[in-house]
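The values are calculated or read from the model by the stated rules, or taken from the named source; none is laboratory data. These figures come from a predicted structure and were not determined experimentally. With ideal geometry, Cβ positions are generated from the backbone for all residues, glycine too; neighbour counts draw on all protein chains shown.
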Amino acid sequence: MKRLMQIIVLLLLSMVSLCSADSQIPQIKVWGKSSSQIRPDNAVLTLKITGKGHNAKAAEELHQKYLDNALNVLSDFGISDKDITMDGPYTNLDGTVVCVLSVRVAEFSKLPGLIQSFASRPGSKVDQLAWSHTRLAQFRADALSMAVKDARQKAQAMIQALNSRLGEALLVRPVDTEKTKAGGDKPFIRIEKKVEVVFRLVPL
């Protein structure tokens, strides 16, 4: 058992010396991760409005007609102008006039009716349905903080055999792309974070 502990200590010291080779500061590098799941408080419905005619003027007029119809439907569902963002209109090479509406919907009960209303409506197409949260940035920051905390706990366990204590974090670096996943029938947003953290080691 004593021999095993000596081997573990030597491995840890080797890892620490590798981490500190460049900066001459005793360091230890660990990985931490976290995941959290939240219920979204709003949905974003993306609508594509398309008008095509035998000439540019006809395409523009048809597009405007379809756009007005779409805005009327949204108004009937109680969607205010402040919850609608429009990209375009712009004209494609084939003369089609297109714009994209991003519609924020806070009352999820309205979604089935909205989607159904645009399902067979000419010139209007539901392009995407995404879930979001007004405090998503804060949840992401919390997930990062939890990943760093996880890394610190792992580092604490690793240096128990060393005559040192853990100091401040010298580097926090995301190891891979953040994963934010949205659910289907019962929507949820899952946030996953993975980070590489370098901590200072302070000799006792």
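A few notes on this one:
- Taken together, the residues in the range 59-99 that are among the acidic types (Asp, Glu) and within 16 Å of LEU47 (Cβ to Cβ) amount to 5.
- Assessment of the range 24-37 against the conditions (modelled with pLDDT of 90 or more, in contact with a Ser or Thr (Cβ under 7 Å, 6 or more places away or on another chain), of a type in the set (Gly, Ala, Ser) and buried (at least 17 other Cβ atoms within 10 Å of the Cβ)) yields no matching residue.
- Pairs are defined by a Cβ separation below 6 Å, a sequence spacing of at least 6 or placement on different chains, a first member in the range 81-102 that is more than 23 Å from LEU129 (Cβ to Cβ), and a second member that is at pLDDT below 95 and part of a loop (DSSP other than H, G, I, E, B); the pairs so defined are THR96/LYS52.
- Applying a threshold of 6 Å to beta carbon distances and a minimum spacing of six or more residues, or different chains, the list of pairs starting in the range 39-52 at a residue that is free of Cβ contacts under 8 Å to residues at least 60 places away in the same chain and ending at one that is surrounded by fewer than 20 Cβ atoms within 10 Å (Cβ to Cβ) reads LYS52/THR96.
- Only one of the numbered conditions (1) farther than 19 Å from TYR66 by Cβ; (2) at pLDDT 90 or above is not met by ARG165, and that is (2).
- Pair list, Cβ < 8 Å and 6+ apart or interchain, from the range 131-151 residues that are touching a residue at least 24 places away in the same chain (Cβ under 8 Å) to residues that are in a helix (DSSP H, G or I) and not charged (D, E, K, R): HIS133/PHE139
- Every residue from the range 119-151 that is basic (Lys, Arg) and either in contact with a strand residue (DSSP E or B) (Cβ under 8 Å, 6 or more places away or on another chain) or modelled with pLDDT of 90 or more (or both): LYS125, ARG135, ARG140, LYS149
- Among the conditions (1) within 16 Å of SER35 (Cβ to Cβ); (2) within 15 Å of the chain's Cα centre (by Cα), the only one that ALA147 does not satisfy is (2).
- Of all residues in the range 71-92, none satisfies being crowded, with 16+ Cβ neighbours inside 10 Å, in contact with a Gly (Cβ under 8 Å, 6 or more places away or on another chain) and not polar (S, T, N, Q).
- Filter result (surrounded by fewer than 19 Cβ atoms within 10 Å (Cβ to Cβ) and outside any strand (DSSP E or B)) within the range 41-61: ASP41, LYS52, GLY53, HIS54, ASN55, ALA56, LYS57, ALA58, GLU60, GLU61
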